[in-house]
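Taking it in order: structure first as structure tokens, then the write-up.
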Amino acid sequence: MDYAIVHTDDVDVVDLSAVEEIPPDHDIRPIDDALGAENAAVKLWYIDPGEEISYHAHSEQEELFYVLEGTFSVKIGKSGDEEFREIGPGTFYRAGPGIGHGHRNVGDEQGVVLAIGAPAVDDPGQDPHSLDE
């Protein structure tokens, strides 16, 4: 089918701590799977206070992020030229292929971040300090 509609509440939460191959130990809702998306990865990340998605980069995938709930400290930029920003609900940020990015929940409550990556390829996070320029 070329279209799909799903409500967030109808997408099961996945506890990533139960999946050894996938750090970090956060909860997600795999919206892309529920919609049958083939060209974009779409996840809702649930991040507890003090927890983070560590600084990493993807070789092929561009990622867009939108903060729905919580306050985050974002580290973004090429290795050696990183920028730190504190962001909250209503804020978007983007990291292209090869650009390091990560965020830590610096608030007192669970944060929720919408993450969209394209293309939808298996592009595991890499150490931005080791990527070729």
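What follows is calculated from the coordinates using simple rules that are stated; it is not laboratory data. Here the structure is a predicted model, which means the values were calculated and not measured. A quick note on method: Cβ atoms are made from the backbone with ideal geometry, for glycine too, and the neighbour counts reach across all protein chains shown.
For Glu38, Glu52, the sequence from fewest to most other C-beta atoms within 10 Å is Glu38, Glu52.
Just checking the listed ones, Ser79, Ser59, Ser17: in the Gaussian network model of the chain with Cα springs under 10 Å, the one fluctuating most is Ser17.
Tell me the Kirkwood hydrodynamic radius of the chain in angstroms, computed as one over the mean inverse distance between distinct C-alpha pairs. Can you show the working numbers first?
On the way: mean 1/r = 0.0655 Å⁻¹.
Taking every pair of different Cα atoms in the chain, averaging 1/r and inverting gives 15.3 Å.
Across region 110-118, rounded Karplus estimates of 3J(HN,Hα) from the backbone phi angles (6.51 cos²θ - 1.76 cosθ + 1.60, θ = phi - 60°) give 4, x, 10, 10, 8, 10, 10, x, 8 Hz, Gly and Pro being marked x. Taking springs between alpha-carbon atoms closer than 10 angstrom, which of Ala37, Ala118, Ala95 fluctuates most in the Gaussian network model of the chain? Most flexible of the set in this elastic network: Ala37.
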